[in-house]
Amino acid sequence: MLTAEKERGNWGSKIGFIVAAAGSAIGLGNIWRFPYVAGENGGAAFVFIYIIFVILIGLPVMISELSIGRHTQKNPVGAFGKIAPKSFWKIVGGLGVLTGIGILSFYGVIAGFTVGYFIKILLGDLSHITTGDQANEVFNQFTANPYLSIGLLFIFLFFTSAIVMGGVSAGIERWSKILMPVLFVLLIVLAVRSVTLNGAMKGLEFYLKPDLSKISIPMLARALGQALFSLSLGMGTIITYGSYLSRRENLVTSAGAVVFFDTLIAILAGLVMFPALFAMGMDPAGGAGLVFVVLPSIFAKMPGGMFFGAGIFLLLSVAALTSTISLLEVPVAYFVDERKWDRKKATLLMGISAFILGIPSAISLGAVKSFSVLPFLDFGFLDFMNALFGNYSLTIGSFLIAVFAGYKWGIKNVLNEIEQDGVTFLYKNIWSFLIRYICPVAIVLILGYIIITRNYF
Ligand code: PHE
């Protein structure tokens, strides 16, 4: 076996790191989740709050995670344990490991759907669609087949595991670098088609003209959860990726670049979705199936639509893959570093766990419509996992990371980590203020309200 240091690997370059971290951040969170959550929560007002949270909470937490990761060169459990030995802080890392599997389980289901839709387009299964209703029917039929959903989940997790087994830079970097820019260009093409549809204006208004009276505390909780989910924060993904980052790089500009691209893609995805959705008279609060219904309806209205359709679903699958890789990498890095498992065994076991945990999610979107978690919750299993791991776990994790960076490890030590090799952090006072006061207080207020009013979902 190689020594621990060698086995961990390193990013080929700064741009390699940014591309890989952006690959983790950019995924279904931006294109599947952001539009439907925004649609369910009032559109533009949600977008407005979302952007505020990205800047005031997401960016400072990302800088903290990167510093912790690079400083310790470890997975989240090892990282907290190294800075604060013999303390409960290790549990924060443990929560991250668990959350990685939890998110992977339902994320893999939707990622499987994107592969399924890619294949459907190649088979010509979507070419008869001309209306939103038809697109809806195709989606309902698609999700009604449990074997298909479970099979696609399996395929997706199989590919994810195969790449994670191959190690860091070889797998992730090479893929992301080529394909993310293509995704960006395709989204722009689709956005242009969408905003030029008849009746698109109403959608633009819904998406971009905030009605601030729509702001509510549950909506704040969703916007915060979405911001953290989209940026891959709160579970140590960025700690893990930061641990492969070299000391010479500027953490702050790297974080800024990742946050910028991730937000750009999310906003762009909304620009594809909402104008088309309104132009075709669909319901913006249509829920988790939104992309799978809206996109095919747009393809129907474009010359060469199926060609773009195949392209977008293929790239969406790839974008999802660079995210699932990062989700699986957290538990794998933990078992490799802390438990001295070999990478193959760790990857295999974690992949299988996510698959088994994902099965109820895979059948809950159609096959077994009433498959809810608890009899009194009118709630699908996937929605439940999505809220539990994709919102609350990340929110609590980010709160703890902010407290850790701001108070336990401390501002001075974080700044020392950032300001190495002549790097100066221009906004360090602002960052310190945000991480010590704004992030933890805002999160406690929002979560406190949610708990008191029992407005969890
Ligand atoms: N950020 C990813 C996305 O938007 C999902 C993710 C969440 C990945 C948490 C890693 C950690 O698709």
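Miscellaneous remarks
- Scanning the chain for trypsin sites (Lys or Arg not before Pro) that sit in a DSSP loop and have at most 12 other Cβ atoms within 10 Å, the longest stretch containing none of them is 87-246.
- The residues of the chain present an accessible area of 39 Å² per residue when probed at 1.4 Å with all protein chains retained.
- Cross-link pairs exceeding 21 Å between alpha carbons, from the set 82/428; 90/344; 14/408; 74/345; 74/344; 120/301: 82/428; 90/344; 14/408.
- The length gained on full extension between residue 119 and residue 213, counted as 0.36 nm times the residue separation minus their Cα-Cα distance, comes to 29.6 nm.
- With all protein chains in place and ligands, DNA and RNA left out, the 1.4 Å accessible area ranks 244, 456 as 456, 244, largest first.
- Taking 18 Å as the cut-off, the amide N atoms of the stretch 260-288 that come nearer than this to a point 7 Å along the Cα-to-beta-carbon line of residue 427 belong to 260-265.
- Here the Kirkwood formula puts the hydrodynamic radius of the stretch 301-441 at 19.4 Å, using every distinct Cα pair.
- Span-like helix ranges in the chain, DSSP H, alpha carbon extent 24 angstrom or more, Kyte mean at least -0.5: 90-122, 146-165, 174-195, 251-279, 305-337, 343-364
- Cα-Cα P(r), the stretch 100-214, percent of pairs per 10 Å interval: 10, 26, 34, 24, 6, 0
- For the chain, the mean residue ellipticity at 222 nm estimated from helices alone is -22000 deg cm²/dmol, where every DSSP H run of n ≥ 4 contributes -39500 (n - 2.57) and the total is divided by all residues, rounded to the nearest 500.
- Within the accessible area of the chain (1.4 Å probe), percent carbon and sulfur: 67
- FRET efficiency estimate (nearest 0.05) - Cβ-Cβ, residue 457 to residue 155, R0 30 angstrom: 0.50
- Diffusion coefficient (Stokes-Einstein, Kirkwood radius over C-alpha pairs, 37 °C, 0.692 mPa s) for the chain: 149 µm²/s, rounded to a whole number.
- Paramagnetic reach from residue 307 (point 7 Å along Cα→Cβ, amide N under 16 Å) across the stretch 112-151: 122
- Approximate spin-label separation residue 345-residue 205, in nm, with each point projected 7 Å along Cα-to-Cβ: 6.3
The values are calculated or read from the model by the stated rules, or taken from the named source; none is laboratory data. Bear in mind that the values here come from a model prediction, so they are computed numbers and not experimental data. Note that we place each Cβ from the backbone using ideal geometry, even for glycine, and neighbour counts take in every protein chain shown. Heavy atoms of the whole protein, side chains included, go into the accessibility calculation; ligands, DNA and RNA do not. Shrake-Rupley method; radii C 1.70, N 1.55, O 1.52, S 1.80 Å.
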